[in-house]
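Q: Can you read through this structure? Questions will come right after.
The values are calculated or read from the model by the stated rules, or taken from the named source; none is laboratory data. None of the values given here were measured: they were computed from a predicted structure. Cβ atoms come from the backbone with ideal geometry, glycine included; neighbour counts cover every protein chain shown.
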């Protein structure tokens, strides 16, 4: 994967722990301290948004990551950092996880997720921007259509839909909105949606990171930025847990949709003129 290798700062032998990795980031990657602070601040905000709405982190983080690290590392970074953010969310809402539906989705989505992640590693920077931007723009009408039509899924339909979702989530960022819609259509509500989404996303994240690592897309920069996002975002899920029963999400959803559409459109435009 020459296009990704050209971006890589090189694997650092003997890298162990967040402190060493962040030191490597500062030494080897052209990312300034203000950029790191910006990434951490956005991570905190998106983790709270994700905890409230069940999605948002994967859809919004690319808006700050692409200008700083470039398009190619974005999905690997978010996949790695999601292991932290989704674990915190799963722990915060652990009593509400629907383990039966978790097993159904993982059983049918994991194989196609591996395929989608591998496909992502073959894309150029221009292709990556186009894929992420398209997914971000498509997520908004997909969610609205699902709600308007009152989409209902039994266990077999959920399994079939998970096959398609696996391909999408493996190769893009921001596909969490699709999973959220599937779980809502399967009959889950409230905290159960957020909890089950998080539990599924942890396992899917492990699968994606494994593929990206084998393909050489996980280097010191990816690990360091992901650890920074994960560490900054971890408390956000617990803040969201305290707010989830008190805050109306109507305004938040409208604002988030607007940001996602604008960001996705900007990425598609950037891919076209790149």
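Q: Which numbered condition trips up residue 209, out of (1) surrounded by fewer than 24 Cβ atoms within 10 Å (Cβ to Cβ); (2) in contact with a helix residue (DSSP H, G or I) (Cβ under 7 Å, 6 or more places away or on another chain); (3) at pLDDT below 85?
A: Unmet for residue 209, out of (1) surrounded by fewer than 24 Cβ atoms within 10 Å (Cβ to Cβ); (2) in contact with a helix residue (DSSP H, G or I) (Cβ under 7 Å, 6 or more places away or on another chain); (3) at pLDDT below 85: (3).
Q: May I ask you to list the residues in segment 65-82 that are assigned to a helix (DSSP H, G or I) and surrounded by fewer than 20 Cβ atoms within 10 Å (Cβ to Cβ)?
A: The first filter runs over segment 65-82 and keeps only residues assigned to a helix (DSSP H, G or I), leaving 65-69, 74-82.
Those that are assigned to a helix (DSSP H, G or I) and surrounded by fewer than 20 Cβ atoms within 10 Å (Cβ to Cβ): 67, 68.
Q: Let me ask something additional. Which members of segment 174-195 meet the condition of being in contact (Cβ under 8 Å) with a residue 24 or more places away in the chain and more than 23 Å from residue 79 (Cβ to Cβ)? Spell out how you get there, then give the answer.
A: Filtering segment 174-195 for residues in contact (Cβ under 8 Å) with a residue 24 or more places away in the chain gives 174-188, 190-195.
Correct list: 184, 185, 186, 187, 188, 190, 191, 192.
Q: Another one. So for segment 225-238 (the condition being without any contact (Cβ under 8 Å) to a residue 60 or more places away in the chain and farther than 23 Å from residue 94 by Cβ), does at least one residue qualify? Break it down stepwise before answering.
A: First, pick out the residues of segment 225-238 that are without any contact (Cβ under 8 Å) to a residue 60 or more places away in the chain: none.
No; the residues of segment 225-238 include none that is without any contact (Cβ under 8 Å) to a residue 60 or more places away in the chain and farther than 23 Å from residue 94 by Cβ.
Q: Across segment 151-188, what is the total count of residues that are closer than 26 Å to residue 243 by Cβ and out of contact with any helix residue (DSSP H, G or I) (no Cβ under 9 Å at 6 or more places or on another chain)?
A: Looking only at that region, the number is 0.
Q: Could we say that residue 111 is under 29 Å from residue 34 (Cβ atoms) and either in contact (Cβ under 8 Å) with a residue 60 or more places away in the chain or surrounded by fewer than 18 Cβ atoms within 10 Å (Cβ to Cβ) (or both) here? It would help to see each step written out before you state the result.
A: Working: under 29 Å from residue 34 (Cβ atoms): no; either in contact (Cβ under 8 Å) with a residue 60 or more places away in the chain or surrounded by fewer than 18 Cβ atoms within 10 Å (Cβ to Cβ) (or both): yes.
No; evaluated as a whole, the condition is false for this residue.
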